[in-house]
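The structure under discussion appears below in the form of structure tokens.
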Amino acid sequence: MDRTTMLEAVLFVADAPVSYEVLAKMLGAGRDEISSIASDLAERLALRSSPLEVIDSGEGVFLVLKEEYADLVYPVMRPEISRAVLRTLSVIAYRQPILQSDLVEVRGSGAYAHVEELVKRDLVARHRSGRSYVLQTTPEFSRYFKTADLVGGQGRLETD
């Protein structure tokens, strides 16, 4: 197996960008070689008119579906996060920072379980505030939903 094919296999199964350091260890390559291997993979995908493309951030690499294929694959995609949890997350994102007690008033008692899932996924951070928690989205939220350029500065939970 050549390193470019190995990189494609790794990125295909990864659900997040893979750092240069991790890729260097996995592929038996130097950290400085990873960008070149990622470029080779991008060229191979382009030559075969693949619906996938390589994104190299300079710190990590990931494989994504090209935008023009999104509508095509949407009907067969299994949602990673349930609609109820997404609704809870949308309330948090819109009203952040928000007290968990206020969130429960809006979304009902099921929000407690939703918050647990969102915290485990690192999409929401919580910080104790009196008898409740303050909830706010995290940098992972911005990465996951590709909103980093839209939320600018949000995602940090202020702690005194």
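The values are calculated or read from the model by the stated rules, or taken from the named source; none is laboratory data. Just so you know, these numbers come straight off a predicted model, no measurement behind them. Cβ coordinates were reconstructed from backbone atoms using ideal geometry, including for glycine residues, and neighbour counts include every protein chain displayed. All accessible areas refer to the heavy atoms of the entire protein, side chains included, with ligands and DNA or RNA removed. Shrake-Rupley method; radii C 1.70, N 1.55, O 1.52, S 1.80 Å.
Is it the case that Arg31 is over 13 Å from Gly58 (Cα atoms) and among the charged types (D, E, K, R)? So Arg31 fails the test.
Of the residues that sit in region 52-95 and are within 17 Å of Lys146 (Cβ to Cβ) and of a type in the set (Phe, Trp, Tyr), which one is least open to solvent (accessible area, probe 1.4 Å)? Of everything passing the filter in region 52-95, Phe62 is least open to solvent (accessible area, probe 1.4 Å). Across region 1-53, the number of residues qualifying as on the phi > 0 side of the Ramachandran plot and part of a helix (DSSP H, G or I) comes to 0. When residues in region 20-30 are screened for being open to solvent by 40 Å² or more (accessible area, probe 1.4 Å) and within 23 Å of the chain's Cα centre (by Cα), 4 of them pass.
For region 1-19, taking the residues that are surrounded by 15 or more Cβ atoms within 10 Å (Cβ to Cβ) and polar (S, T, N, Q), the one that is farthest from the chain's Cα centre (by Cα) is identified as Thr4. Quick check: is even one residue across region 40-51 under 22 Å from Thr147 (Cα atoms) and without any contact (Cβ under 8 Å) to a residue 60 or more places away in the chain? No, there is no match, as no residue in region 40-51 is under 22 Å from Thr147 (Cα atoms) and without any contact (Cβ under 8 Å) to a residue 60 or more places away in the chain. Taking the listed residues Leu47, Leu99, Leu103, the one that is under 17 Å from Thr137 (Cα atoms), modelled with pLDDT of 95 or more and open to solvent by 50 Å² or more (accessible area, probe 1.4 Å) is Leu99, with no other qualifying.
When Tyr112, Tyr133 are checked against the criterion of being over 17 Å from the mean Cα position of the chain (by Cα) and open to solvent by 70 Å² or more (accessible area, probe 1.4 Å), Tyr112 stands alone in meeting it. Taking the criterion of being in contact with a helix residue (DSSP H, G or I) (Cβ under 9 Å, 6 or more places away or on another chain) and open to solvent by less than 60 Å² (accessible area, probe 1.4 Å), the residues of region 118-130 that qualify are Leu118, Leu123, Val124, Ala125, Ser129.
The residue that is modelled with the lowest pLDDT, among those in region 106-160 that are touching a Ser or Thr at 6+ places or on another chain (Cβ under 9 Å) and basic (Lys, Arg), is Arg156. Can you confirm whether region 64-82 contains a residue that is assigned to a helix (DSSP H, G or I) and in contact with a helix residue (DSSP H, G or I) (Cβ under 9 Å, 6 or more places away or on another chain)? Taking every residue of region 64-82 in turn, none turns out to be assigned to a helix (DSSP H, G or I) and in contact with a helix residue (DSSP H, G or I) (Cβ under 9 Å, 6 or more places away or on another chain).
With among the polar types (S, T, N, Q) and touching a strand residue (DSSP E or B) at 6+ places or on another chain (Cβ under 7 Å) as the only criterion, which of Ser50, Ser36, Ser19 stands out? The conditions single out Ser19.
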